[in-house]
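K.L.:
Okay, handing you the structure first.
The values are calculated or read from the model by the stated rules, or taken from the named source; none is laboratory data. From a predicted model like this one, the values you see are computed outputs, not experimental measurements. Cβ: placed from backbone, ideal geometry, glycine included. Neighbour counts: every protein chain shown.
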Amino acid sequence: MTDPILDIRGISKSFGALKASNNISLDLRPGEIHALIGPNGAGKSTLIKQIAGGLRPDSGSVYFDGQDITDLSTAARARLGMGRTFQVSSLAMEYTVLQNAVLGALGNRGDIFRFFRPVMKDADLLATASEALEMVGLEDFKSSVTSELSHGQRRQLEVAVALTLSPKVFLMDEPMAGLGTEGSHRLMGFLGELKHKTPILLVEHDMDAVFTLADRISVLVYGEIIASGSVDEIRGNPIVRSAYLGEEAET
Amino acid sequence: MRKETICNAALLFGLLAFPLWAWVTDEPFLITLTTRAIVFAIAGVGLNFALGFGGLVSLGHAAFFGLGGYVMGVLAFHAQTYTSVMDWPFVISGTKSMPIIWLVTIILSAVLAVGIGALSLRTSGVYFIMITLAFAQMLFYFTISWSTYGGEDGLSIYVRNGFPGLNTMDPIQYYAICYVVLLMVLAFVFALSRSSFGLALGASRQNEDRIQAVGQVPFRLYLTAFAISGAITGLSGALFADLNRFVSPTMFSWQTSGEIMVFVILGGVGRVFGPVAGAVLFIVLEHLLGGLSEFWHIYLGAILLGVVLFARGGLYGLIAGREVAHD
Ligand SMILES: Nc1ncnc2c1ncn2[C@@H]1O[C@H](COP(=O)(O)OP(=O)(O)OP(=O)(O)O)[C@@H](O)[C@H]1O
Ligand SMILES: [Mg+2]
């Protein structure tokens, strides 16, 4: 078995009396999509935040590429190679699609303290940005202002910006929400290819997508991982069916 | 051509044509009035870089404006009294050279901005506004009690500082100096706004999560922007003091900070040329309304309220459209 690139060891986080993460351990290995599913409010985004930075666990640690990164800032983690997409789009809304993608490429290259050369004429950055936008299918929207994009397009742009970082892992928080059938299928095909280069920790509500894409699935309920295993194991797990899949069928 | 570009060109042309006309018709007062507008414009362009581009609402930019004024006042005072600013550990003598005064001002203002920024940028929102205000107030009270340099009464200098090859006491020549400085500052800020730094700074203002997710730290961007902003506003303070041949603690007052912010808001936050339009409008209003009533600030306040409520983009928003350019 290959070493995990991302290794979460016994993370706990409480908000007052609420245990949002309760001794969570999970890992991500090269070449795989590890899906994290669970009902609303289960603590999925909270877990992603503790991995990507921005929220410090009360206890436990996060290992990335063999290094303990629990105390690193969000920016430092991104520079180490964590590419993240947000559940609630976090883009520069006044910028164009291309500017957002160039920002990613620039952040990744690291030389942001340049004061005179016009950044939108930098051929390298433009090439990286355009390539990423093409991959997610936004090449025709380069000059659209981000605030005018549909929700689905914003999700695509989130993914594109993460791509410009050439990260070692992707942390994607519901990248398919709002995409529509066609968009979802396109993105699913894309993620299925992408994982061979870069493994993905995928939070997703769309069960079809998860069962099609995932190599492994972990189920989070009330801050606790109640089951973890292959697609078939999870599909057949009675606890999961009652705790999660059952609820899903009712709503 | 875009409307905004036309507005920019018209502004620069107006600031060139009007004083030349005043010069031809021998109206030195109007030349000085224009110079005042230009100096205020520079102060506003400086604040706008922090406020409009970085989203840093500083209500303490009088700190830099006043510092520029006192750098000019102190250096010129020692030069005209043939004394030294300090003798130990090394001798610093005064100077009547504008370029040297500007250079010292820019450096000291940037250093002051880094100091103030390092402390205040750890907060945001109302706290940031209050802390920047508090720093300017500290300097205000400090200069009031600093009797070596006139305390509350301020400091007068006999003749304007010198610029190689020019007679700075001639209004049109001093105007020309200020106009060229304005052009240089505008070109500088325009370049910054299109640079890597400008892109990252703007992104940080719009969404800090985004800039962190691409591996960069908002604080560093803000601190750099604050230093640049302070240096520009500082420079305008030195020019203002030279224009009046007088510097006093008033330059550090919160009213001064407020006026600089008014230039930015009137003109249009986040547009390179916005504060130029704002400062010109301010001077025109001050001149026209000030002639009608001593309480012209009330009318100014009403206009400002109108702008904030109904024309969020300021003058530039009204004339050139709401959308900021994208290239
Ligand atoms: N900063 C916070 N302070 C207090 N409570 C929080 C905070 N962040 C999240 N919570 C709570 O923690 C729980 C887990 O939230 P989280 O956003 O992680 O859920 P989720 O699994 O991502 O849900 P969804 O599927 O709706 O995105 C929720 O009950 C939420 O209200
Ligand atoms: Mg969530």
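K.L.:
Conditions first: (1) at pLDDT 95 or above; (2) closer than 29 Å to B:Ala113 by Cα; (3) part of a helix (DSSP H, G or I). B:Leu56 passes all but one, so which condition is the exception?
P.N.:
(3)
K.L.:
Looking at region A:37-58 only, could you name the residues that are within 14 Å of chain B (Cβ to nearest Cβ) and either away from ligand 2 (no atom under 11 Å from the Cβ) or farther than 13 Å from A:Ile8 by Cβ (or both)?
P.N.:
A:Ser45, A:Ile51, A:Ala52, A:Gly53, A:Gly54, A:Leu55
K.L.:
Scan region A:84-98 for residues that are over 10 Å from A:Arg154 (Cα atoms) and more than 16 Å from ligand 1 (Cβ to nearest atom) and jot them down.
P.N.:
Within region A:84-98, A:Ala92, A:Glu94, A:Tyr95, A:Thr96, A:Leu98 qualify.
K.L.:
Something else: Could you grab me the full set of residues in region A:23-36 that are in contact (Cβ under 8 Å) with a residue 24 or more places away in the chain and away from ligand 2 (no atom under 11 Å from the Cβ)?
P.N.:
A:Asn23, A:Ile24, A:Ser25, A:Leu26, A:Leu28, A:Arg29, A:Pro30, A:Gly31, A:Glu32, A:Ile33, A:His34, A:Ala35
K.L.:
Can you name the residue in region A:69-128 that is in a strand (DSSP E or B) and either at the interface with chain B (Cβ under 7 Å from one of its Cβ atoms) or without any contact (Cβ under 8 Å) to a residue 24 or more places away in the chain (or both) and, of all such residues, is nearest to B:Ile228 (Cα to Cα)?
P.N.:
Only one residue fits best here, namely A:Pro118.
K.L.:
Another question about this same structure. Can you list the helices (runs of 4 or more DSSP H) found entirely within region A:149-243 that contain at least 1 residues being farther than 22 Å from A:Gln99 by Cα?
P.N.:
On the way: elements: A:151-164, A:180-197, A:207-213, A:231-236.
In region A:149-243, A:180-197, A:207-213, A:231-236 are the helices (runs of 4 or more DSSP H) which contain 1 or more residues that are farther than 22 Å from A:Gln99 by Cα.
K.L.:
Which one of these is surrounded by fewer than 22 Cβ atoms within 10 Å (Cβ to Cβ), within 16 Å of ligand 2 (Cβ to nearest atom) and not assigned by TED's automatic domain parsing to the domain that holds A:Gly43: A:His151, A:His205?
P.N.:
Working: A:His205 fails: not assigned by TED's automatic domain parsing to the domain that holds A:Gly43.
Exactly one residue qualifies, and that residue is A:His151.
K.L.:
Scan region A:154-182 residue by residue and report those that are farther than 14 Å from A:Thr85 by Cβ and more than 14 Å from chain B (Cβ to nearest Cβ).
P.N.:
A:Gly180, A:Thr181, A:Glu182
K.L.:
Please go through region A:31-67 and give me each residue that is at pLDDT below 95, in contact with a strand residue (DSSP E or B) (Cβ under 6 Å, 6 or more places away or on another chain) and farther than 17 Å from A:Ile225 by Cβ, ordered by number.
P.N.:
none
K.L.:
A follow-up question, please. Inspect all residues belonging to region A:36-46 and state whether any of them is assigned to a strand (DSSP E or B) and either within 9 Å of ligand 1 (Cβ to nearest atom) or closer than 20 Å to A:Asp215 by Cα (or both). Please lay out each step first, then the result.
P.N.:
First, the residues of region A:36-46 that are assigned to a strand (DSSP E or B): A:36-37.
Checking the rest, the ones that are also either within 9 Å of ligand 1 (Cβ to nearest atom) or closer than 20 Å to A:Asp215 by Cα (or both) come to A:36-37.
Checking region A:36-46: at least one residue is assigned to a strand (DSSP E or B) and either within 9 Å of ligand 1 (Cβ to nearest atom) or closer than 20 Å to A:Asp215 by Cα (or both).
K.L.:
Which is surrounded by fewer than 20 Cβ atoms within 10 Å (Cβ to Cβ), closer than 30 Å to B:Ser193 by Cβ and of a type in the set (S, T, N, Q), of B:Thr83, B:Thr5? Give the steps one after another, and end with the answer.
P.N.:
Details: B:Thr83 fails: closer than 30 Å to B:Ser193 by Cβ.
None of the others qualify; the one that does is B:Thr5.
K.L.:
Restricting attention to helices (runs of 4 or more DSSP H) lying wholly within region B:183-276, give those where 2 or more residues are closer than 30 Å to A:Leu55 by Cα.
P.N.:
Qualifying helices (runs of 4 or more DSSP H): B:196-206, B:208-213, B:218-244.
K.L.:
I'd like to know if region A:167-182 contains one or more residues that are in contact with a strand residue (DSSP E or B) (Cβ under 9 Å, 6 or more places away or on another chain), away from ligand 2 (no atom under 16 Å from the Cβ), within 25 Å of A:Leu106 (Cβ to Cβ) and of a type in the set (A, V, I, L, M).
P.N.:
Yes, there is a match, as at least one residue in region A:167-182 is in contact with a strand residue (DSSP E or B) (Cβ under 9 Å, 6 or more places away or on another chain), away from ligand 2 (no atom under 16 Å from the Cβ), within 25 Å of A:Leu106 (Cβ to Cβ) and of a type in the set (A, V, I, L, M).
K.L.:
Determine, yes or no, whether B:Gly165 is more than 21 Å from the chain's Cα centre (by Cα) and under 30 Å from B:Ala22 (Cβ atoms). Even if it seems obvious, please write down each step before you answer.
P.N.:
Details: more than 21 Å from the chain's Cα centre (by Cα): yes; under 30 Å from B:Ala22 (Cβ atoms): yes.
Spelling it out, B:Gly165 is indeed more than 21 Å from the chain's Cα centre (by Cα) and under 30 Å from B:Ala22 (Cβ atoms).
K.L.:
Could you check A:Thr96 against (1) more than 26 Å from A:Lys195 (Cβ to Cβ); (2) in contact with a Phe, Trp or Tyr (Cβ under 7 Å, 6 or more places away or on another chain); (3) crowded, with 19+ Cβ neighbours inside 10 Å; (4) not basic (Lys, Arg) and say which number it fails?
P.N.:
(2)
K.L.:
Exactly one of these conditions fails for A:Met135: (1) more than 16 Å from ligand 1 (Cβ to nearest atom); (2) modelled with pLDDT of 95 or more; (3) not aromatic (Phe, Trp, Tyr). Give me its number.
P.N.:
(2)
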